[in-house]
Amino acid sequence: MSDSEGELARNLGFTEAMTMGGGTMIGAGIFILPGIAAEGAGPASALSFAIAGLAALLAAISLSELATGMPIAGGSYHYVNRALGSLFGSIVGWGMWTGLMFASAFYMIGFGQYIVEPIPLLSGRALVVLFGLLGLALLVGVNYYGTEESGSFQNIMIGLELVVIIVYLVVGFFYIDAANLEPFAPTGPSGIIATTGLVFVTFLGFEIIATVAEEVKNPGKNIPLTMILSVVSVTLLYVVVMIVSTGVVPFDELGDSLVPVGDVAEVSMGAAGVAAIVAAAALAAISSSNSSVLAAARVVFAMGRDNLMHDWLNTTHSRFRTPHRAVIATGLLTGLLVAAGLQVDAIIEVLAEVASFSFLIAYSLVHAAVVVIRRAEPEDYEPDFEIPSVLYPWVPIAGIALSVLVITQMNLAVIGIGIGIIVLGIVWYFLYARRQDIDQSLVGDAIVSGSEGSSLDIDEERYRVIVPIANPETQKNLLRLAAVSARTHSEGETPEIVAVNITRVPTQTALEQELEFEEQRVETQRELLESAREAAADLDISLRTRAILGRDIGQTLLTVLEEEAADQVVLGDRGHGRGTKEFIFGSTIDPVLKNAPCDVTIANLRRDEIGDVVALAGPGPHAPVAARRAAEFATLSGTTPTLLNVQSPGDGDEDDDPVERGEAVIEDIAETAGLEPENYESKVLISEDAQSAILEEVDSYDTICAGVSEKSSVSKILYGSIAETVQEQTDGNVIMVRGPYETHWKVTEAVAERLSA
């Protein structure tokens with residue numbers, strides 16, 4: 001037996017991580033930046049995006065190594081803080097927080113421009129700022145209260161934006177005038193590099209993958225693959241967008257526009273195209289700004305966890321479980337930046353460049369962190385992905401050099417603001433953070449605890465039963481069932497029971513923020529797991545415990561079953577949630593029942609004792625599993641299980657004896673289940689109404705075991721529906737079981753798996 005530690009569930013696969021990275025980058029920047037970029041570099045602004053993409057790619061490569069070596073929440077801030085110490089951690093933390101706020105303000109000003117500019121009755125900077133502030137207030141409210149649907153809604157918005165952009169490019173291609181692409185680089189190389197610093201703000205999305213590294217499945221493959229692929233694909237998309245945009249509308253006209261993509265759409269797609277672009281731009285601005293607000297709160301929480309930020313900001317709302325103070329602080333400061341648009345003419349360029357400056361500094365320190373950790377060779381740093389030897393140390397060196405080059409070409413005022421943010425981080429460190437108990441080791445205890453869940457030393461030869469526990473009143477009985485079932489497999493190595501408590505995290509709140517949320521509820525988990533250990537001692541079984549945080553309990557449990565190489569999972573069920581269109585057993589059990597790579601036992605225990613046990617020995621592949629479980633569980637009460645079969649009376653043929661027919665079915669099921677004749681009793685009922693006969697018969701038993709319904713509607717009609725009716729109508733214990741069966745990949749899952757292989 002062992003104590004457990006809190007851990008974060010790995011629920012994000014290739015597709016989810018790719019959506020987080022690439023989807024966030026395909027946001028408001030694609031609608032706002034073309035005009036500013038064209039003004040700064042003309043058609044050669046396509047090269048500015050390409051250079052910005054290269055800088056992002058170099059950062060993604062270094063981040064991939066760090067994220068697979070330290071798969072813990074926090075992103076660039078965390079890696080720099082662990083590798084270079086708290087001073088640089090403070091600089092990067094403040095830089096990322098302010099950078100995200102500048103980015104969010106940039107998106108909301110763009111939102112206001114796309115709302116105001118296309119409507120003839122509306123005009124003026126004040127209205128742009130007003131709409132930007134209203135949009136920001138909406139996002140602050142969403143992040144304060146939290147919404148279960150926000151993640152799905154954001155994915156829908158990203159999908160709609162991508163469709164509009166593809167149509168924009170396909171149609172716009174036929175309206176390109178080669179004359180508009182001359183001169184190609186009116187401002188020369190310096191203009192191209194300077195514009196790179198301005199547009200880099202749109203490449204911040206890949207950082208999110210590193211930020212949620214602790215939640216990514218198969219991180220050694222999926223983190224580098226999704227980060228690099230998302231940067232490359234988005235870079236190519238932006239290059240094509242700039243070629244089409246400056247090819248359709250002359251770059252000088254495009255540079256004067258507040259809604260550049262809308263102007264291009266007016267030429268190539270007409271009024272309908274403009275309407276689609278305006279709608280997509282508004283959605284993109286909301287989506288991108290929402291991501292920035294939430295990400296900024298993540299940074300504050302990560303800094304608070306390391307004592308670099310005051311505890312006042314590092315708390316969650318007692319009711320909504322959201323980082324409400326961090327959200328409000330972020331919203332107020334972002335609102336001031338939006339309001340600055342009333343006085344600053346080039347506010348949108350300033351906001352974009354300052355955000356870019358902050359992250360270029362952060363990524364420079366990330367590159368330095370890779371070199372430091374490589375040279376230090378800390379014992380616990382074992383990245384699944386390493387920068388290839390032929391590219392090391394050239395990737396970090398090139399990344400730093402390119403970042404510095406871009407920064408030197410920025411506007412002096414922007415450089416001044418950026419240096420001011422760096423100074424703020426340094427001053428904050430010396431006045432506040434240095435006095436705190438700061439961990440300055442290269443990797444630290446946080447890395448060990450963060451990677452614990454992904455480095456389990458599992459003996460796959462050992463029979464293992466997983467028991468999710470949530471209720472102290474019922475968990476001992478579930479552990480008893482798991483123990484008696486496991487004991488039947490004790491001929492090899494000693495079987496093991498793993499008691500798992502999964503705490504659900506609200507979707508709107510980042511998992512690393514919920515570490516504090518978990519601390520507030522850790523006492524409940526401790527009681528549950530301690531109770532499980534006490535039960536294990538009484539039952540004389542080997543028990544290990546795990547406590548996990550996850551956004552979706554069913555999907556988290558599936559991840560645990562794969563990690564543990566489980567042979568069986570025993571689930572408690574209270575019989576609620578049936579009859580709904582979406583779920584049979586409930587949103588937690590149904591995914592496990594459908595996709596678990598092992599036997600599944602669902603126990604609805606209404607009585608304290610197992611008592612007399614009957615198994616429904618009917619058609620379906622799970623009947624032998626039900627018979628085997630019935631024999632195992634009957635040993636708890638010292639009884640012999642009954643295998644029950646129902647046959648129709650037949651057509652009167654003397655050679656067709658329904659009792660013999662039923663006995664043959666029972667004998668075949670028992671043989672498949674590995675039961676000897678002396679280990680069970682047979683009972684055959686003769687009735688035209690199988691369901692009524694079964695319901696009447698099982699009333700005399702304390703526990704009923706039955707196989708779950710099959711996916712085939714025919715099988716369900718024949719027998720599966722009877723099992724579920726028994727579950728609903730009987731007063732005794734009902735145990736539904738499912739043995740292993742073959743599952744098939746969906747096309748999208750297969751493609752994603754092939755890409756990550």
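The values are calculated or read from the model by the stated rules, or taken from the named source; none is laboratory data. Since this is a predicted model, take the numbers as computed values, not measurements. Counting neighbours? That spans all protein chains shown, and the Cβs are built from the backbone with ideal geometry, glycine included. These area figures cover heavy atoms from the full protein model, side chains too; ligands, DNA and RNA do not enter into them. Shrake-Rupley method; radii C 1.70, N 1.55, O 1.52, S 1.80 Å.
Among residues other than F106 with Cβ under 10 Å from its Cβ, the summed charge is -2 (Lys and Arg +1, Asp and Glu -1).
V659 to E609: FRET efficiency via 1/(1 + (r/R0)^6), r the Cβ-Cβ distance, R0 25 Å, to the nearest 0.05? With a Förster radius of 25 Å, E is 0.20.
Element breakdown for the range 322-403 at a 1.4 angstrom probe: carbon and sulfur atoms account for 61% of the accessible area.
Multiplying the residue separation of L333 and V423 by 0.36 nm and removing their Cα-Cα distance gives an extension gain of 30.6 nm. Residue separation of A398 and L412 scaled by 0.36 nm, minus their Cα-Cα distance, works out to 2.7 nm of gained length. Each of A376 and K683 was given a label point 7 Å from its Cα along the Cα-to-Cβ line. The distance between the two points is 6.9 nm. Take the Cβ-Cβ distance between T640 and N218 as r, set R0 to 41 Å, and report the resulting FRET efficiency rounded to the nearest 0.05. After rounding to 0.05, the efficiency reads 0.30. A simple count of charges around G197, restricted to other residues whose Cβ falls under 11 Å of its Cβ and scoring Lys, Arg +1 and Asp, Glu -1, yields -2.
Which shape class applies to the range 380-436: rounded if a/c is under 1.5, otherwise prolate when a/b exceeds b/c and oblate if not, where a ≥ b ≥ c are the square roots of the Cα gyration tensor eigenvalues? Oblate is the answer for the range 380-436, as a/c is 1.5 or above yet b/c matches or exceeds a/b.
Using the Cβ of S637 as centre and a radius below 10 Å, the other residues enclosed give a net charge of -3, where K and R count +1 and D and E count -1.
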